[in-house]
Amino acid sequence: MPTPRKVRNLKAQIDPVLVMIPRAAEMIDSTERDVRDKLRAGLLVAVKDGRLTKVTVESIKALPDRLPRAEFTPLPSKEGTDV
C-alpha cells in the first residue's frame, strides 16, 4: 500500500484533465467572469461533475489558437538613428 507521501508525489506528477473555474481563470491569467464569457462563446469547454462545473484543460491549451491574433503597427523610425 502506498504511503501518504508517495500518494502526494504521484498527484503532483499527474497533469489535471479538468479544473474548476477559478483555477481556469488563473491558468489563462484572467477573471472568473472572463472564463464564463469564453464558455458561453464556445471558446472553452466545460463539463458537469455533480454540481461542479469544470473546464477541460485541453480547451484551455487550445484557447490561444481560437483567439484573434494581435497586430501591432511598427513605430516610426527616428531620424538619424540606424535600425
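The values are calculated or read from the model by the stated rules, or taken from the named source; none is laboratory data. Note that the structure is a prediction, hence the values are computed from the model and not measured. Positions of Cβ are generated from backbone atoms using ideal geometry, with glycine treated the same way; all protein chains shown enter the neighbour counts.
Here is a list: E58, E79. Which entry is under 12 Å from the mean Cα position of the chain (by Cα), of a type in the set (D, E, K, R) and more than 18 Å from P22 (Cβ to Cβ)?
Within the list E58, E79, the selection yields E58.
I want to confirm something. Restricting to region 1-59 and keeping residues that are modelled with pLDDT of 95 or more and of a type in the set (D, E), which single residue is surrounded by the fewest Cβ atoms within 10 Å (Cβ to Cβ)?
D29
Where residues in region 60-83 are farther than 14 Å from I28 by Cβ and of a type in the set (K, R), which of them is modelled with the lowest pLDDT?
K78
Would it be correct to say that P64 is surrounded by fewer than 16 Cβ atoms within 10 Å (Cβ to Cβ) and assigned to a loop (DSSP other than H, G, I, E, B)?
Spelling it out, it is not the case that P64 is surrounded by fewer than 16 Cβ atoms within 10 Å (Cβ to Cβ) and assigned to a loop (DSSP other than H, G, I, E, B).
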